[in-house]
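The values are calculated or read from the model by the stated rules, or taken from the named source; none is laboratory data. Keep in mind that this is a model prediction, so the values were computed, not measured. Please note: Cβ atoms are built from the backbone with ideal geometry, for glycine as well, and neighbour counts cover all protein chains shown. Each accessible area value is taken on the protein alone, full model and side chains, heavy atoms only, with ligands, DNA and RNA left out. Shrake-Rupley method; radii C 1.70, N 1.55, O 1.52, S 1.80 Å.
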Amino acid sequence: DDGLPLHRQKQRCARLGLDLAVSTLCDQIMWITDLLRPLWRAAIAACIASKVMHLDATGLPVLDHGAPGGKRIGSLWGYVGDLVAAYIFASTGKAEGQTEGEMGPEDILALREGLTVADASNVFDASFLNNPKLIECGCNMHARRYFVKALDAGDKRAALPIAAYKKLYEIED
């Protein structure tokens, strides 16, 4: 519930009367990461083994003193399986990992067979092309937004597919 940068967590703790150094908070993150690594690996494995797996990325700013403005965009890749979700941070939005030990979606999709729901990003093209056991499924949420844009722009024809999506979402609920 309180996904905050460490400097804000330090401020929050200080308001509660607990003075912690950011370096101490960093150490705690490192320790808990090591302890939780087996659970994270199990979550990734469960997503890969799911009957249907969804994946998508969210771009997020990353401090980089060598980049213009001191920031660049990294990605938080979300993988959602039948019963579990897992996330992997990558330093870029590219298909493959860019730094040692980093996993991109190509690494995950190389291990996958079956139905895989993804947006139409070209980041996934090589994975779907090179893995015949990987079945690409389009994402209705991504498709629907173009009909919404068309309706907002005054194209009344878009109302029919939007109504169909509404019924689909009612069935899913």
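Considering only residues of the range 115-148 that are more than 27 Å from P161 (Cα to Cα) and small (G, A, S), which is surrounded by the most Cβ atoms within 10 Å (Cβ to Cβ)?
Top of the filtered list is S127.
Could you tell me whether T92 is touching a strand residue (DSSP E or B) at 6+ places or on another chain (Cβ under 7 Å), open to solvent by 60 Å² or more (accessible area, probe 1.4 Å) and of a type in the set (S, T, N, Q)?
The answer is no for T92.
Scan the range 16-29 and report the pairs whose first residue is on the phi < 0 side of the Ramachandran plot and whose second residue is open to solvent by less than 50 Å² (accessible area, probe 1.4 Å) and of a type in the set (A, V, I, L, M, F, W, C), with Cβ atoms within less than 7 Å and a gap of 6+ or a chain change.
Short answer, once both residue conditions are applied: L20/C13; V22/L6; L25/L6; C26/L6.
List the pairs whose first member sits in the range 109-120 and is among the charged types (D, E, K, R), whose second member is open to solvent by 20 Å² or more (accessible area, probe 1.4 Å) and outside any strand (DSSP E or B), and whose Cβ atoms are under 7 Å apart, counting only residues at least 6 apart or on separate chains?
R112/I48; E113/K133; D119/C139; D119/H142
Of all residues in the range 95-114, how many are in contact with a Ser or Thr (Cβ under 9 Å, 6 or more places away or on another chain) and either more than 20 Å from R37 (Cβ to Cβ) or surrounded by 13 or more Cβ atoms within 10 Å (Cβ to Cβ) (or both)?
Counting residues in the range 95-114 that are in contact with a Ser or Thr (Cβ under 9 Å, 6 or more places away or on another chain) and either more than 20 Å from R37 (Cβ to Cβ) or surrounded by 13 or more Cβ atoms within 10 Å (Cβ to Cβ) (or both) gives 12.
For a quick check of your reading of the model, give me the residue pairs whose first member lies in the range 1-15 and is within 14 Å of Q28 (Cα to Cα) and part of a helix (DSSP H, G or I), whose second is at pLDDT below 90 and open to solvent by less than 100 Å² (accessible area, probe 1.4 Å), with beta-carbon atoms closer than 8 Å and at least 6 apart or on different chains.
Cβ pairs passing all conditions: Q9/D2.
Search the range 42-71 for residues that are surrounded by 12 or more Cβ atoms within 10 Å (Cβ to Cβ) and pair each with any residue that is assigned to a helix (DSSP H, G or I) when their beta-carbon atoms are under 7 Å apart and the residues are at least 6 apart or on different chains.
I48/I108; M53/C47; L55/P105; D64/G70
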